[in-house]
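Enquirer: Have a look at the structure that comes next, please.
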Amino acid sequence: MGQAALVDNDAPVVRVQALVKRYRKQMAVDGASFSIGRGEIYGLIGPDGAGKSSLMKAIAGVLSFEGGMLHVLGEKIDSEAAAERVKGRLGFMPQGLGLNLYPELSVEENVDFFAQLRDVPPEELARRKHKLLAMTRLGNFRDRPMKHLSGGMKQKLGLVCTLIHEPELIILDEPTTGVDPVSRRDFWMILTQLLRERDVTALVSTAYMDEAARFHRLSLMFDGRVLIEGEPDVILREVPGTLVELVAESQVEALLRLETRFPQAEAVGPKLRVFVPGAVPQVARAQVEAQLEGLMVNEMQAVAPELEDAFIALLQRRQPAGQDDAQKSRLWLDGDPPKGDGDAIAARELSRDFDHFRAVDRVSFEVRQGEIFGLLGANGAGKTTAIKMLTGILPPTGGAGTVAGADMRHASQAIKERIGYVSQAFSLYQDMTVTENLRLFARIYGVPNSRLAERIGRVVALAGLSGVTTQLVSKLPMGIRQRLALAGALVHGPRVLFLDEPTSGVDPIGRRRFWEILVHLARVEQVAILITTHYMNEAEHCDHLALMHAGRVIADDTPAALKAALQQEAGQVLDIAAEPVLPALEALEQAGFADAAMFGKRIHLLARDITAAEARIRTLFAERGIQLLDIALRTPTLEDVFVYRILQQEQQEASA
Amino acid sequence: MNGGPAENRVRLYLWWSRLAAMTAKELIQFGRDTLLLIAIAYLFVFDTYMAGNVGMQLNHAVVVVHDADHSAASRELVYRFRPPYFKLGGEVLDNRAGQRLLDSGQALVALDIPPHFERDILQGKPTDVQVQVDASNTVLGFLASSYAAQIIGQYGFDQTLARLGVTERSMQNVPMIRDEHRVWYNPNQNDAWFMPIAELLTVITIMAIMLPAAAAVREKERGTIEQLLVSPLTPIQILLPKVIAMTLVILLGTAVSLFFVLHGMFDVPMKGSLVLFFAVTALYTFTTAGLGLYIATIARNLAQAAMLAILVLMPMIFLSGAWTPPEAMPAGMREAMVLSPLYHFIEMGYGILLKGAGLDVLWDSLLGLALLGMVIFGFGVWRFKRQFG
């Protein structure tokens, strides 16, 4: 190989310089710059509307742009013809579950179709198809029409179709959105394996902050701009600060005090999390302690902040959050709400059959007044059916339950009158103003005319909507719309609130605002909240979690207890950094660490006996000449818990 | 349910209050939909206005002539094809050129006069002229050929009389039947009365199906139906406000069209009771909305709803007598017309507006309309409840 080839190898696969994309007057991408090296997994993280999709489409050559420079695979993309020249060497999977696939075609026909589009020779196709379908565990479903696959399987099939012509660069737009944690983990495994085998470069976008660790390098995007770019660790160093976690006796009071000094203070389940910018751990602790003078504080610890904390800090640096009206007004007119008195929701052995299919199978749980209860599970696990039964829309086939004191078997009308409901998609009227919507729902829920103005005033203050009451909903951003949906659900003062994936597509700051309100409702107003969510770090907010799988509840406890149980059963998570990393992973797999998985440039594995495992890893690496850079213990995340529980359940079913 | 009269009163009040809130919401949304407002204004005002202007009459139909005789007699015949019905489109050199003009649609009638036309007439020999008519538009073709036959016949009659030497006075001795007819209800046989009424009633039908269908499908499309279903609203409380609101809108449109376009511009008489007319219209729109609700249960989006509405509307209009009079229908279809609510509505519309008829005459149409309407509305409500109950 000559000098030229070497230089070419070092040149970035993608180079974006001050790229600008406008839709009429709307700025979608506003001067983004970054470059992606060969063999990297590069991440674009940001909320909906940050410009990720536009940027990816421009790189994939399917969207023209107005300004800046773009080089892809050594080609300067300045014309349709130039984009056409590199299209054969890249693969692009657009956003949406299986939107690029054909629902009527079988798995195999879909793959064949994409192969023919790309002129893959038949022998070559047979070989690659076999390998890719095996890797994605879709081999057994070759003849199944794509429309009958689950969300996760669709997404994996989409990946196979994107990879069938062995592109050098793959561009995946939110491949894991709406996909259950197990399929998500599968997805990342396949991606890293491909990277190991061939010199593929990947550009992947995500709305999940907790996936940031999967990337080698990433850009945090917001409002069309790249806020910060680099390796995850580097980004964290750019935003210095300490995260203080504590449990206070009087959480409400403590949170109020902390909020006056620290803009990034929030209640997460029983804990309080405070991000103290620019402070080393000792200083941060001291500052927090000073703020909580005189309150009983248990377990205070200073830890390293997460990427989401850094992201929010960066956003607030750009646009200091205007201190919107204090939203601590009460929902109920008469002073104190009823005390936390027993069960708001009780489900006993609830079942629901559809024809020959049991969607919900003997599900039992209780939610107390003032408790935030999380219902988690993949699409099709039965969450939606369970919620439909509890909200009185769908009668149960078997079992019983009470919601807000009404029996769900024959008092569905009473239930409907007593609960509030926020649906997954924003479902208020976009062609009406904020006040018109609230008025409508207040009247539907029977708020008497004499109290309309007062009720609406209260929820407007609670949800921080006072600046926008006369605006049409269609003109409001996502985050505010979701708060409006919440206000609409609260306008009649329900004591039980159902939320079905309420925060999908909302940016981190908006999500945090939303949770602030929920926490206030639960802690101060003693409202019982049942919520479903895809975001694992949101699950941490819940006081209690139930994990559903195939219609049943397979785990049901507090987040802390769930994690502790995992540590008991499966061991601790070891976080390893090694050089070179791919041979290290191979060595670990060969040595019997079956669940070793790549997380960006690091390796995670489960081990029961830490010291023994560490010793083994050290000797193993020494034998193979692999340098061990760092080995650390990590508390398992809820995602770890759920992946473990679901796989365990699947194994039990398979062996039964 | 237990609960005393006081509680029942509260329930009843709540029921009405919910209905009122939802109806207000439908009207607000309707008022914000600019495109829909334009469509409504267009249909109720401009469409009925245009219908009053484009009558089904022969209007300056182009006649081309191949005159192989070029005589005084042939010229006289040719000049009898005069405006406003006909217009001379010039002469062609041979028959084939005339055919081409018919083919290309530049002429509606081709008149072919043979050589020796005048000589044959003067000698009293029978002679033929050929009239070719483009009947691709059946009505116009029929009118053109019958007018042409009338002109030619009259010409032949005049020639015969002249040849027989019949004078004005001696005419009185020729046996002749004089046709003395009276035209009632529309004495001038003014198309500008018939057409816009038919059009207005058709527009009412389209709106009565489309508006509630659109309002219901929009809720499905945008997911707002989900929020309504978890609320204490019953399916009836969800669907009735749509029907009520849209009936109000249609009645308003009808009033504008009737007073400003039909009466204001075309002097369509309003002989009967307007109260009765609007009451019938309200009954008609309300019940026909059942079809719209049914469509909304099948369609997943607005485009599908529009397609389905057309599918329902076509036979309804076709069987209504708006386009083809009942007498012109073949036997089976004439009987089927009683199944089209629009047929009864048109009967009543004409009856009230033009004839000044009251319920004493129109009771059978009202009965037909009411029965059909109840079935349709009941069906729509049943389907809606089944899907959203």
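Computed from the coordinates by the stated procedures, all read-outs in this text should not be read as laboratory data. Because the structure is a prediction, the values reported are computed rather than measured. Positions of Cβ are backbone-derived with ideal geometry, glycine not excepted, and every protein chain shown enters the neighbour counts.
Enquirer: Would you pull out the residues with amide H under 5 Å of residue A:51's amide H, same chain only if 5 or more places away, H placed 1.01 Å from N?
Expert: Sorted by chain and number, the residues that satisfy this are A:224.
Enquirer: Something else about it: Mind checking the range B:265-360 for trypsin sites (Lys or Arg not before Pro) that DSSP puts in a loop (not H, G, I, E or B) and that have at most 11 other Cβ atoms within 10 Å?
Expert: B:300
Enquirer: Okay, next question. Based on the Cβ-Cβ distance from residue B:278 to residue B:180, what FRET efficiency comes out when R0 is 41 Å, to the nearest 0.05?
Expert: E between residue B:278 and residue B:180, to the nearest 0.05, is 0.60.
Enquirer: Using amide H atoms built 1.01 Å from N in the peptide plane, name the residues 5+ places from residue B:62, or on other chains, whose amide H lies under 5 Å from its own.
Expert: Excluding prolines and chain starts, which carry no amide H, the hits are B:87, B:108, B:109.
Enquirer: Which of the peptides A:184-196, B:134-146, A:227-239 is most tightly packed, and how do the rest follow, going by the mean number of other Cβ atoms within 10 Å of each residue? Walk me through the intermediate numbers first.
Expert: Numbers: A:184-196: 19.2, B:134-146: 15.2, A:227-239: 16.8.
Packing proxy ranking, top to bottom: A:184-196, A:227-239, B:134-146.
Enquirer: Between residue A:452 and residue B:17, with labels modelled 7 Å along Cα→Cβ, what's the label distance in nm to one decimal, could you check?
Expert: So the label points at residue A:452 and residue B:17 sit 1.0 nm apart.
Enquirer: Could you work out the local net charge near residue B:365, counting Lys and Arg as +1, Asp and Glu as -1, over the other residues with Cβ closer than 15 Å to its Cβ?
Expert: Working: positive: B:355; negative: B:347, B:360, B:364.
Summing Lys and Arg as +1 and Asp and Glu as -1 gives -2.
Enquirer: Assign one of three labels to the range A:561-655, namely rounded, prolate or oblate, based on the Cα gyration tensor with a ≥ b ≥ c the square roots of its eigenvalues; rounded applies when a/c is under 1.5, prolate when it is not and a/b is larger than b/c, and oblate otherwise.
Expert: Prolate, because a/c is 1.5 or more and a/b exceeds b/c.
Enquirer: Once phi is turned into θ = phi - 60°, what whole-Hz ³J(HN,Hα) does the Karplus curve with 6.51, -1.76 and 1.60 give for every residue of the range A:630-647, x standing for Gly and Pro?
Expert: 6, 9, 9, 8, 10, 5, x, 8, 5, 4, 4, 4, 6, 4, 4, 5, 6, 4
Enquirer: A further question on this structure: Provide, as a two-decimal number, the C-alpha radius of gyration of the range B:241-389 over 2.2 N^0.38 Å, N being how many residues it has.
Expert: Working: Rg = 16.2 Å, N = 149, 2.2 N^0.38 = 14.7 Å.
Against the compact-globule rule of thumb, the ratio is 1.10.
Enquirer: Further question: Taking 8 Å as the Cα distance limit and 6 or more residues as the minimum spacing, I'd like the relative contact order of the range A:561-655 as a percentage.
Expert: Over the range A:561-655, the number comes to 40 percent.
Enquirer: At 222 nm, what value in deg cm²/dmol follows for chain A if DSSP H runs of at least 4 each add -39500 (n - 2.57) and the sum is divided by all its residues, to the nearest 500?
Expert: Numbers: 22 runs with 245 residues, N = 656.
Rounded to the nearest 500, it is -11500 deg cm²/dmol.
Enquirer: What value in Å³ per residue do you get for the convex hull of the alpha-carbon atoms in the range A:107-163?
Expert: Cα convex hull per residue, to the nearest whole number: 68 Å³.
Enquirer: Sticking with this one: To two decimal places, what compactness ratio does the protein assembly as shown give when its Cα radius of gyration is scaled by 2.2 N^0.38 Å?
Expert: My calculation over the Cα atoms of the protein assembly as shown gives 1.26.
Enquirer: Could you give me the ³J(HN,Hα) list for the range B:90-103, computed from phi with Karplus coefficients 6.51, -1.76, 1.60 and θ = phi - 60°, whole Hz, x at Gly and Pro?
Expert: So the Karplus estimates, Gly and Pro as x, are x, 10, 10, 7, 8, 4, 5, 4, x, 4, 4, 5, 5, 4 Hz.
Enquirer: If you line up the long axis of helix A:307-318 against the longest principal axis of chain A, both from Cα atoms, how many degrees apart are they, to the nearest 10?
Expert: 80 degrees
Enquirer: Under 18 Å from a label point 7 Å along Cα→Cβ of residue B:335: give me every residue in the range B:355-389 with its amide N that close.
Expert: Answer for the range B:355-389: none.
Enquirer: For the charge dipole of the protein assembly as shown, defined by +1 on Lys and Arg C-beta atoms and -1 on Asp and Glu C-beta atoms about the Cα centroid, which residue among B:215, A:121, A:135 has the Cα displaced farthest towards the positive pole?
Expert: B:215
Enquirer: To the nearest whole number, what is the average tally of beta carbon atoms from other chains within 10 Å of the beta carbons of peptide A:392-400?
Expert: Details: counts 3, 5, 0, 0, 0, 0, 0, 0, 0.
Partner-chain Cβ atoms within 10 Å, mean over residues of A:392-400: 1.
Enquirer: If you plug each phi of the range B:272-285 into the Karplus form 6.51 cos²θ - 1.76 cosθ + 1.60 with θ = phi - 60°, what whole-Hz ³J(HN,Hα) values come out, in order, with x for Gly and Pro?
Expert: With the stated coefficients, the range B:272-285 comes to x, 7, 5, 4, 4, 4, 6, 5, 5, 4, 4, 4, 5, 4 Hz.
Enquirer: Let me know the mean shielding of B:11-22 by other chains, meaning the per-residue number of their Cβ atoms within 10 Å of its Cβ. Don't skip to the answer; put the middle values down first.
Expert: Numbers: counts 1, 0, 2, 6, 1, 0, 6, 5, 1, 1, 8, 3.
Average neighbour count from other chains, rounded to a whole number: 3.
Enquirer: Report the FRET efficiency, 1/(1 + (r/R0)^6), for residue B:328 and residue A:126, where r is their Cβ-Cβ distance and R0 is 51 Å, rounded to 0.05. Write down the numbers at each step before the final one.
Expert: Details: r = 67 Å, r/R0 = 1.31.
According to the calculation, E is roughly 0.15.
Enquirer: Something else: Cα axis of helix A:251-261 to longest principal axis of chain A: angle in degrees, 0 to 90, nearest 10?
Expert: So the inclination is approximately 60 degrees.
Enquirer: Can you sort A:443, B:9 by how many other beta carbons sit within 10 Å, fewest first?
Expert: Ascending Cβ contact count within 10 Å gives the list B:9, A:443.
Enquirer: Can you sort A:549, A:71 by how many other beta carbons sit within 10 Å, fewest first?
Expert: Ordered from fewest to most neighbouring Cβ atoms within 10 Å, A:549, A:71 come out as A:71, A:549.
Enquirer: Amide H of residue A:227: which non-local residues (sequence gap of 5 or more, or other chain) have their own amide H closer than 5 Å, using H built in the peptide plane?
Expert: Sorted by chain and number, the residues that satisfy this are A:220, A:221, A:222.
Enquirer: Can you give the % of DSSP beta bridges in chain A that are antiparallel, to the nearest 5?
Expert: 70 percent
Enquirer: Mind jotting down the distance between the C-alpha centroids of the range B:62-127 and the range A:479-553, whole Å?
Expert: If we compute the Cα centre of each part, the gap is 86 Å.
Enquirer: Between residue A:623 and residue A:589, what is the FRET efficiency for a Förster distance of 22 Å, r being their Cβ-Cβ separation, to the nearest 0.05? Don't skip to the end; give the middle numbers.
Expert: Working: r = 15 Å, r/R0 = 0.68.
For residue A:623 and residue A:589, the calculated efficiency is 0.90.
Enquirer: If one puts a single equal scatterer on every Cα of the range A:60-207 and applies the Debye formula without solvent, what log₁₀ I(q)/I(0) results at q = 0.09, 0.14, 0.21 Å⁻¹?
Expert: Debye output, listed in q order: -0.28, -0.67, -1.41.
Enquirer: Could you check the spin-label model distance between residue A:144 and residue A:552? Points 7 Å from the Cα along Cα→Cβ, value in nm.
Expert: In this crude spin-label approximation the distance works out to 2.0 nm.
Enquirer: Label residue B:88 and residue A:166 with points 7 Å out from Cα along Cα→Cβ: what is the distance between them in nm?
Expert: In this crude spin-label approximation the distance works out to 8.4 nm.
Enquirer: Continuing with the same structure: Counting only other chains, what is the mean number of Cβ atoms within 10 angstrom of the Cβ of each residue in peptide B:233-239?
Expert: On the way: counts 3, 2, 0, 0, 1, 1, 0.
The per-residue average across the peptide is 1.
Enquirer: Might you report the magnitude of the Cβ-based charge dipole of the protein assembly as shown about its Cα centre, with Lys and Arg at +1 and Asp and Glu at -1, to the nearest 20 debye?
Expert: For this selection, approximately 1500 debye.
Enquirer: Follow-up. Got a sec? How would B:312, A:496 order by Cβ neighbour count within 10 Å, fewest to most?
Expert: If I rank by nearby Cβ atoms, fewest first, I get B:312, A:496.
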